[in-house]
1. When all protein chains stay in place, what accessible area (Å², nearest 10, 1.4 Å probe) is found for F151?
2. At 1.4 Å probe size, put V118, V101, V30 in order of accessible surface, largest to smallest.
3. Taking a probe of 1.4 angstrom, what is the accessible area of V154 in Å², to the nearest 10?
4. Could you order I95, I47 so the one with the most accessible surface comes first? Probe is 1.4 Å.
5. In whole percent, and with a 1.4 Å probe on the protein chains, what portion of the accessible area of segment 25-105 is carbon and sulfur?
6. Taking only the alpha-carbon atoms of segment 44-139, what semi-axes of the equivalent ellipsoid follow from 5 times the gyration tensor eigenvalues under a square root, in whole Å, largest first?
7. Taking the full set of protein chains and a 1.4 angstrom probe, give the accessible area of H120 in square angstrom, rounded to the nearest 10.
8. Heavy atoms only, 1.4 Å probe, whole protein assembly: order R137, R67 by accessible area, highest first.
Amino acid sequence: MASADTERREEEEAPAAEDEDTGAQVAPIVKLEEVAVTTGEENEDAILDLKSKLYRFDKDGNQWKERGAGTVKFLKHKETGKVRLVMRQSKTLKICANHLVLPSMSVQEHVGNDKSCVWHATDFADGELKDELFCIRFPSIENCKTFMETFQEVAESQKKKEENKDASAAAGLLEKLSVEDEKAEDKSEDKAEDTPVKSEEKDKPEGEAEKSDAEKKE
């Protein structure tokens, strides 16, 4: 009996055998390929990047509704120079604001809160153009001021760009008109060179005209 207990105790105290490495390799059932993720911001440079919380005014409910908390950016296109405002939610990266900053836009401080400001925009965050009244709130007054100043600077720069574009178009039109005027003057000068010969024949007296005809016959 004692020997049986001793054997059992030795078996319990004996270290567990380690799993043997057979060297077999198991191939994955599904092979996953690396996929390049694009955000649509590859051709743009960020002018400003701030954490904030965005609201939109619900006309039907006559109240402000939260759109999301995340990062708001001003993105300038590398080729066209146009600037848009984009904001994504921090966790889901869902777009909650996406619109161009136009020369006609202006931003104002929200009444009663110096950390917030409001503006109107034609937004495309939901996949269709909508007229929205936005309100954005920042953690600090400094960030709010920075956002407002940048917003106004961008709007003014877009206005100057439009003015320069109009001026270039007007200059091109004037240049085209001047070229057309020169062509018209050249044509009129060519006609003027041809007309004196005819006018001289017309201005000759009838006698001289008859003599010239008789001389030609002789």
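The values are calculated or read from the model by the stated rules, or taken from the named source; none is laboratory data. Since the structure is predicted, the reported quantities are computational estimates derived from the model, not experimental observations. Please note that ligands, DNA and RNA were not included when accessible areas were found on the heavy atoms of the full protein model with its side chains. Shrake-Rupley method; radii C 1.70, N 1.55, O 1.52, S 1.80 Å.
1. My reading of the accessible area for F151 is about 0 Å².
2. My answer, sorted largest first, is V30, V118, V101.
3. 10 Å²
4. Largest to smallest exposure gives the sequence I47, I95.
5. 51 percent
6. Ellipsoid half-lengths, sorted descending, are 20, 15, 14 Å.
7. 130 Å²
8. Solvent-accessible surface, decreasing: R137, R67.
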